[in-house]
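Colleague: Could you have a look at this structure, given as structure tokens, before my questions?
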Amino acid sequence: MFSAFERMVAFRYLRARRQEGFVSVIAAFSLVGIALGVGTLIVVMSVMNGFREELLDRILGLNGHMMIYAEATPFTDYDKVAGALGAIPGVIAAAPMIEGQVMATSRTGATGALVRGLRGADLAKYPLVAASIKAGSIDGFQKGEGIIVGDRLAARLGVAVGGQITLISPQGNPTVMGVVPRARAFTVVGTFNVGMYEYDSSFVYMPLDLAQLYFKLPGTVTGVEVMTDNPDEIMRFAMAAHEAVGPGYRVIDWRQTNSHFFTALEVERNVMFIILALIVLVAAFNIIAGLIMVVKDKGRDIAIMRTMGATRGQIMRIFFMNGAAIGIVGTLVGLGLGVAFALNIDSIKTWLEGLTGTELFAPEVRFLTQLPAKIEAGEVVTVVVMALGLSLLATIYPSWRAARLDPVEALRYE
């Protein structure tokens, strides 16, 4: 497609002489701009994808994929409902559950907490919790010997496995002196860490029978939580759950519960893509400016090549190749930098924190304890194609202008 003559001249123009240093600087800035734009886009998209996947895994790993509530309280036939839901193909667990807010206290502190009452066999079916036990074991929980708490909650209260935490419920006991908050001490038989600060610092798992006694809900539960093997097909499971339990029950899936959260993430991701794509666009304009300056500077050379028999097509291809080389090299450099940065982003974060002595990624602010990144091949291809497309489009006008240059006029003004 390109002759040896065209390639030789095009790459010769990329190595500007000393008096043409300013043109070379513009070309370098264009290359750096495209590389930074492509690399930044890849890193940001990877981090956003990583955040979404990690949050989804952790939120659904602890909260389940569906909740079934009785429209008429109390919810007493929960075993029957759980059995009907468990028979649906693809349902991993259907767990009767009690949920309530409490104040957790110890000798060293106090904090708010969320109690979730589950049977030991059901808790074992939650792979995220079962695999995240850091101290103690789930055996004591299954035997009804105590509670399992997040390790950050235990650290805040200064309690280890074997210690006791007092839970105070706002739903108190009526006495002659008025309503007295209900308080009871529980032994900690295990701690867990799922890597999400909000859960590790506030969740308390309690055996279902103890939760029924503590919250004074004998023979009843708050709802039945359902775990499936594919949360992306939750609509199918929700329809099957409606058919299985019949009328008188409400089915709420994870999309309804967390729709605002994941919608906000998606909007933020799209806006970041648009904003960062402008970096590549600005670099493309730099290519246009740089090539126009090269054409102006090389007017005499163009005129001489035309008088020696070079066609307008050859002239156009020379300058097209000149600009395309900047775009292609910049895109490839940005691709390498972006992928390398995304793959090692947590190590880079740790190194920067050690270098600056500051915490760049506070888990209590950003939910997760690690900075996640997930590179999706489709998005990387989209970024690369976009950058190459803008770079090649940016070379068309300067190349056309060079091809339309009149040799007589160019030599007259030299």
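Colleague: If each of THR257 and ALA121 carries a label point 7 Å out from its Cα toward its Cβ, how far apart are those two points in nm?
Modeller: Between THR257 and ALA121, the simple spin-label model gives 2.3 nm.
Colleague: Does anyone have the angle between helix 254-297 and the longest principal axis of the chain? Alpha-carbon axes, 0 to 90°, nearest 10?
Modeller: Result, in degrees: 10.
Colleague: OK, next. If you keep only loop residues by DSSP, which trypsin sites (Lys or Arg not before Pro) in the range 179-278 have at most 13 other Cβ atoms within 10 Å of their Cβ? Spell out each step's value before the answer.
Modeller: On the way: sites: ARG182, ARG184, LYS216, ARG236, ARG250, ARG255, ARG269; in loops: LYS216.
Counting only loop positions with at most 13 other Cβ atoms within 10 Å, the trypsin sites (Lys or Arg not before Pro) in the range 179-278 are LYS216.
Colleague: Round to the nearest 10 and give me the degree value, 0 to 90, for the angle of helix 234-245's Cα axis relative to the longest principal axis of the chain.
Modeller: Relative to the chain, helix 234-245 is tipped by roughly 20 degrees.
Colleague: How big is the dipole moment of the chain about its Cα centre under a simple scheme where the beta carbon of each Lys and Arg is +1, that of each Asp and Glu is -1, and everything else is neutral? Debye, nearest 20, please. Each step should come with its number before you reach the end.
Modeller: Values: 35 positive and 35 negative charges, 320 e Å.
So the magnitude is around 1540 debye.
Colleague: Another question, if that's okay. According to a simple spin-label model (label point 7 Å from Cα along Cα-to-Cβ), what is the distance in nm between GLU266 and LEU355?
Modeller: The two pseudo-label positions are separated by 3.7 nm.
Colleague: Tell me the mean residue ellipticity at 222 nm calculated for the chain from its helices only (DSSP H runs of n ≥ 4, each -39500 (n - 2.57), averaged over every residue, nearest 500). Don't jump to the answer; show the numbers that get you there.
Modeller: On the way: 17 runs with 239 residues, N = 414.
Per the formula, -18500 deg cm²/dmol.
Colleague: With a cut-off of 8 Å between alpha carbons and a minimum separation of six or more residues, what is the relative contact order of the chain in percent? Each step should come with its number before you reach the end.
Modeller: On the way: 693 pairs, mean separation 116.2, N = 414.
Rounded, it is 28 percent for the chain.
Colleague: What is the distance, in nm, between label points placed 7 Å from the Cα along the Cα-to-Cβ direction at ALA160 and at THR187?
Modeller: Placing both labels 7 Å beyond Cα along the Cβ direction yields 1.6 nm.
Colleague: Give the residue from ILE275, VAL245, VAL226 lying farthest towards the positive end of the charge dipole for the range 207-284; charges sit on Cβ (+1 for Lys and Arg, -1 for Asp and Glu) and the dipole is referred to the Cα centre.
Modeller: The residue sitting most towards the positive pole is ILE275.
Colleague: Residue separation times 0.36 nm, minus the C-alpha to C-alpha distance between LYS134 and VAL381: what's the value? Please list the in-between numbers first.
Modeller: Working: separation 247, 0.36 × 247 = 88.92 nm, distance 4.01 nm.
Difference between extended and current length: 84.9 nm.
Colleague: Among TRP254, TRP400, which comes first, then next, by fewest other beta-carbon atoms within 10 Å? Each step should come with its number before you reach the end.
Modeller: Details: TRP254 21, TRP400 15.
Least to most surrounded, the residues fall as TRP400, TRP254.
Colleague: P(r) for the range 243-307: what percent of alpha-carbon pairs falls in each 10 Å bin, starting at zero?
Modeller: The distribution over the range 243-307 is 16, 18, 16, 14, 12, 9, 7, 5, 3, given as percents.
Colleague: In degrees, nearest 10, range 0 to 90: what is the angle between the Cα axis of helix 21-63 and the longest Cα principal axis of the chain?
Modeller: Value to nearest ten degrees: 20.
Here, each number is a calculation from the coordinates, and none is a lab measurement. Please read these numbers as outputs of a predicted model, since none were measured by experiment. Virtual Cβ from ideal backbone geometry, glycine too; neighbours counted across all protein chains shown.
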